[in-house]
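What follows is a structure written as structure tokens; I'll ask about it next.
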Amino acid sequence: MADFSKIVLAGRPQGAPTPEHFRLEHGALPQAGEGEVLVRTIWMSLDPYMRGRMDDAKSYADPVPLGGTMEGGGVGEVIASHAPGFAPGDIVVGRTGWASHAALPADEIRKVDPSVAPISTALGVLGMPGHTAWVGLNDIAQAKSGETIVVSAATGAVGSLVGQLAKTKGMRVIGVAGGPDKCAFATDELGFDACLDHRAAPDWKTLSAQIKEAAPKGVDVYFENVGGKTLDAVLPRMNTWGRIAICGMIAWYSGQGVAEAAPLPVAWRTILTRRLRVQGYIIFDHNDRYAPFAQEVAPMVADGRIRYRETVAEGLENAPQAFLDLLKGGNFGKQLVRVGEDPGA
Ligand SMILES: NC(=O)c1ccc[n+]([C@@H]2O[C@H](COP(=O)([O-])OP(=O)(O)OC[C@H]3O[C@@H](n4cnc5c(N)ncnc54)[C@H](OP(=O)(O)O)[C@@H]3O)[C@@H](O)[C@H]2O)c1
């Protein structure tokens, strides 16, 4: 019988999490009930939102209980089915958690077509992060041809697609990313017009001056993934009637830098005087927009017009360290964990 393993939340971090906050456990395989399928996880996704699930704080989703399996999306192979429409061998995407296997209700999984693109993309450019990029750019920011956009975490799972889609719309695209390699990738491989290295900028004023130079006509759209120094730098550069799509604020997820952030009245005044529209959004409110997203973006991924990059950690036991690295920018593109053998690889 196959070994079942999972990673559970062993403690709640105060500030930055460490390996001690996770524990690898083994046990009996879960059983699929009526209307469920048993899935063998092949690829598991690591995402910044998981940091929030480690805190016992009110948010848009419940925290992971202490001792509970860490939450997350995965792509896997159906190995037993008690649900019509699913058969062993099918590849599906769903909320497997940080686990080698999961019993999942059929109405909470989606089949993945391995002929379109490698199945791992169902967790990245063609999955939740890609969907988030597309909704944020089109529906939330209402980005238009001829405008200038700044996107932070520019080479990450979300940001890399935001910038590429913005280019296809005829926008001027300025990325902000950590380090020269990521910035070179953004301009040379992803086609961004410019990319600024936030880690090389000693303070927000320096970064802001660089944005001014890269965006001589000002910034119409800010796709906010990080908060922190980057937000302070972009805000003064926003044009009247600009839009900010607040997708994430990873710089603040563990509480670092919050005390040094620009005071709220400064941001409020800019929003008022420049008549900015600032909207936060959570992608699970936009499930009805998955089909049009996939219809537009999947062909562009299949024929190479949209590029994507992945960082792979090998084995479930290495997921905690890969997650801790992700929170510090250690990933380059979509962070995945290879949990089991990929039949298509
Ligand atoms: N609203 C939603 O429904 C939704 C859905 C998906 C994702 N998100 C959010 O979107 C953002 C991007 O997610 P993703 O999955 O695409 O992650 P990602 O960009 O692939 O990985 C996270 C990146 O954040 C950057 N980062 C980390 N600490 C930073 C800091 N202190 N200052 C600036 N940048 C920092 C790092 O890139 P650099 O090395 O370039 O700094 C790191 O690689 C996250 O904030 C996430 O929570 C929101």
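My understanding is that a pair violates if its Cα-Cα distance is over 29 Å; which of K182/K212; K212/K328; K169/K328; K58/K169 do that in this structure?
Over 29 Å Cα-Cα: K169/K328; K58/K169.
Another question, then. Treat each spin label as a single point 7 Å out from the Cα along the C-beta direction, and report the A259 to R23 distance in nm.
3.3
In square angstrom, what is the accessible area per residue of the chain with a 1.4 angstrom probe?
With the other protein chains kept in place, the chain gives 45 Å² per residue.
For segment 128-283, what does the convex hull of the Cα positions come to per residue, in cubic angstrom?
Looking at segment 128-283, the number lands at 100 Å³ per residue.
Considering only protein heavy atoms and a 1.4 Å probe, what is the carbon-and-sulfur percentage of the accessible area of the chain?
Carbon and sulfur atoms account for 54 percent of the accessible area of the chain.
Tell me the GluC sites (Glu not before Pro) within segment 30-109 that lie in a loop according to DSSP and have at most 11 other beta-carbon atoms within 10 Å.
Values: sites: E34, E36, E71, E77, E108; in loops: E34, E71.
Here the sparse-neighbourhood loop sites are E34.
Okay, next question. Per residue Cα convex hull volume for segment 90-139, in cubic angstrom?
Spread over its residues, the Cα hull of segment 90-139 gives 99 Å³ apiece.
Which residues does a label at K205 reach in segment 260-288, if reach means a backbone N under 16 Å from a point 7 Å past the Cα toward the Cβ?
Flagged as within label range: 261-263.
Taking the Cβ of E314 as the centre, find all other residues whose Cβ is under 13 Å away and add up their charges (Lys, Arg: +1; Asp, Glu: -1).
Working: positive: R338; negative: E310, E317, E341, D342.
Within the 13 Å Cβ shell, the charges total -3.
Then there is this: When the dipole is taken about the Cα centre of the chain, and only Lys, Arg (+1) and Asp, Glu (-1) are charged at their Cβ, what size is it in debye, to the nearest 20? Intermediate results must be reported in sequence, preceding the final value.
Working: 33 positive and 38 negative charges, 307 e Å.
Dipole of the chain, to the nearest 20 debye: 1480 debye.
Which value in Å is the Kirkwood Rh of segment 219-342 over different Cα pairs?
17.4
Which of G156, G248, G124 moves the most in a Gaussian network model of the chain with Cα springs under 10 Å?
Fluctuation is largest for G248.
Cα axis of helix 290-302 to longest principal axis of the chain: angle in degrees, 0 to 90, nearest 10?
With rounding to tens, the tilt is 90 degrees.
While we're looking at this one, here's another question. Let me check something: with ligands and nucleic acids excluded, how do D188, D325 order by accessible area (1.4 Å probe), largest to smallest?
Solvent-accessible surface, decreasing: D188, D325.
Then there is this: Using 0.36 nm times the number of residues separating D188 and Q14, minus their current alpha carbon distance, what extension gain do you get?
My answer for the length gained is 58.7 nm.
Averaging over all projection directions, find the projected area of the Cα convex hull of segment 1-66 and quote it in nm² with one decimal place.
Values: hull surface 24.6 nm².
Dividing the Cα hull surface by four gives the mean projection, 6.2 nm².
Under 10 Å, Cα contacts only: if you run a Gaussian network model on the chain, which one of V173, V158, V116 comes out with the highest mean-square fluctuation?
V116
Per DSSP helix of 4 or more residues, -39500 (n - 2.57); summed, then divided by the residues of the chain. What does that give at 222 nm, rounded to the nearest 500?
Helix contribution divided over all residues of the chain: -6500 deg cm²/dmol.
Could you please tell me the mean projected area of the C-alpha convex hull for segment 49-130, averaged over all directions and given in square nanometres to one decimal?
In nm², the orientation-averaged hull projection of segment 49-130 is 6.3.
On to the next question. How big is the convex hull of the Cα atoms of the chain, per residue, in Å³?
For the chain, the hull spanned by Cα atoms encloses 132 Å³ per residue.
The values are calculated or read from the model by the stated rules, or taken from the named source; none is laboratory data. Keep in mind that this is a model prediction, so the values were computed, not measured. Don't worry about glycine lacking a Cβ; one is built from the backbone with ideal geometry, like all the others, and counts go over all protein chains shown. Only protein heavy atoms, including side chains, enter the accessible area calculation; ligands, DNA and RNA are left aside. Shrake-Rupley method; radii C 1.70, N 1.55, O 1.52, S 1.80 Å.
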